[in-house]
1. Charges only on Cβ, +1 for Lys and Arg, -1 for Asp and Glu: so what's the dipole of segment A:301-428 about the Cα centre, in debye to the nearest 20?
2. Once phi is turned into θ = phi - 60°, what whole-Hz ³J(HN,Hα) does the Karplus curve with 6.51, -1.76 and 1.60 give for every residue of segment A:74-84, x standing for Gly and Pro?
3. Which one, A:49, A:124, A:176, is farthest towards the positive end of the dipole of segment A:40-188 when Lys and Arg carry +1 and Asp and Glu -1 on their Cβ?
4. Specify the inter-centroid distance of segment A:312-331 and segment A:72-94, based on alpha-carbon positions, in whole Å.
5. What percent does the relative contact order of chain A come to when contacts are Cα pairs within less than 8 Å and at least six residues apart?
6. What whole-number volume per residue, in cubic angstrom, does the convex hull of the C-alpha atoms of segment A:61-176 give?
7. So which lysines can residue A:55 reach, going by Cα to Cα under 22 Å and dropping same-chain residues fewer than 8 places off?
8. Rounded, prolate or oblate, given the Cα gyration tensor of segment A:378-428, with a/c below 1.5 counting as rounded?
Amino acid sequence: MLDIKVLRENPDAVRAGAVKKCMPDRAEAVDRALALDAELRAMTPRLDAMRSEQKAAGKQLGKLSAEQRPAFLEQQKALKVELQAMEEQEKQLRAELDTQLSLVPNIPDDDVPAGKTDADNVEVRKVGTVRTFDFQPRPHYEIGEAQGWLDFQRAAEMAGSRNYFLFGDLALLHDAILRFAVELLVQRGFVPVDPPLLVRDAAMFGTGFFPGGEEQTYRSEKDGLNLIGTAEVPVTSLHMGEILDAKDLPKKYVARSACFRREAGTYGKDTRGLYRVHQFQKVEQVVVDVADKARSLEHHHDIVKNSEDLLQACELPYRVVAVCGGDLGVPQAMKYDIETWMPSRNAYSETHSASRFYDYQARRLGLRYRPEGGKPQHCHTLNNTVAASPRILIPLLENHQNADGTVNVPAALRPYLGGRALLGTPVF
RNA sequence: GGAGAGGUGGCAGAGUGGCCGAUUGCACCGCCUUGCUAAGGCGGCGUGCCGGUUUCCCGGUACCGGGGGUUCGAAUCCCCCCCUCUCCGCCA
């Protein structure tokens, strides 16, 4: 969440930010928060004075004679009743303020393009050449089903739609790309993590997914736990409530985890194939560092580059887009998506998402650090996909397919496939 | 799942109704003493909020796992929840 001081000092910028994100209802939360804050601040001096009085009176009590005591106690009881009423009011105001403040979206940065939907995202650069086929290329699901690598039918029968079975070489390729992703980041100094997949609400709230993302989340009501939609949640929350030492920053983590998404409200969209599924594996990079905008920008650049390097190593054409205001989530200040070329969609489609938050998540998480000789401050956080599979299998299969249904393995992935350069047998 | 013990400031560890925002030790910072690969003395050393001064601070208030209750007054008593540890049971 934002610092209430930012709302006080620059309410227009905060409101404008919510509008840029196409969240007019959230803009109203700014005014509600400010009204509650003003009310709370008006009553605080009085409240503190009453507490002070009660405290001082308590200390006098012992010195009073037996005759003086009853009258004094009566007086204190009256004060107590008044105090309790006011404290009750304060508690409610504070809870309501927290609610409203948590609804206020992070302010989109100046480099966020205006726009409403992903159609308004702005291309930053395009890398690689889209292959020209001398045969009719097939969609990944046709190749996969012909090779016996994919089974959507049986998966749907036992688990519902948007589920899948991967078999054989495709199951191996799936694991290969994920392992490659982890190793690439480990080489670059990221600490590998295997995080919890079921988390408490505090982690969902702290990373900004709640409130708002409840419909996208699988939840075990019995245990009060949520299945993560991304390792960003447990990893960014790792140090919640802590005050880190500045000399231990930045913290860079790379986590491989299963991810679960309900995909509510997407019925009829991307129904074929591996594009939109309820469960997948993802390697995610998370950076926690000091509150310095320049450093955040550097990290953002670096984590995008990490993912670009992976795509280049996999010989996949892609483009980087700056996500527009309306397509930005509540907690992000700025986001780049990387879209990889998918022949069956005849389009670049999202495979990566790199966000910077400044201190928005850290404030919700109580994640702070102590600068050299200074007071604790909230950290800056960032994250980006390194590889999400099976979605990344779509461009891998489709861009590297041969006319006979076999698939070439990019050199970078061969070490994870026993050195093999070709997957599958001729099926077409 | 059952029984028990415990959660206090960076760490260790006192405190069982007001004298406690909290003894003490370690760690850390400053000064002093002294000198040689160290020791001793003195002082300082949590976080949030409100206000003042305005960036050195000062005053008030809250915080002893979280929430509620009893009380004029709670770290301290009661209830609920979370976490850690020990033992028993069950299961992989």
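1. Working: 13 positive and 12 negative charges, 119 e Å.
The calculated dipole for segment A:301-428 is roughly 580 debye.
2. Karplus values, whole Hz, x for Gly and Pro: 4, 4, 5, 5, 5, 4, 4, 4, 5, 4, 4.
3. So the residue we want is A:49.
4. Answer, in whole Å: 54.
5. Working: 812 pairs, mean separation 86.7, N = 428.
Once normalised by length, the contact order is 20 percent.
6. Given the Cα convex hull of segment A:61-176, per-residue volume reads 382 Å³.
7. The qualifying lysines are A:63, A:77, A:80, A:91.
8. Numbers: a/c = 4.50, a/b = 2.34, b/c = 1.92.
Cα axes put segment A:378-428 in the prolate bin.
Every read-out reported here was derived from the displayed coordinates using simple, explicitly stated rules and does not represent laboratory data. Everything quoted here is computed from the prediction, not taken from an experiment. So basically every Cβ, Gly included, is an ideal-geometry build from the backbone, and we count neighbours across all protein chains shown.
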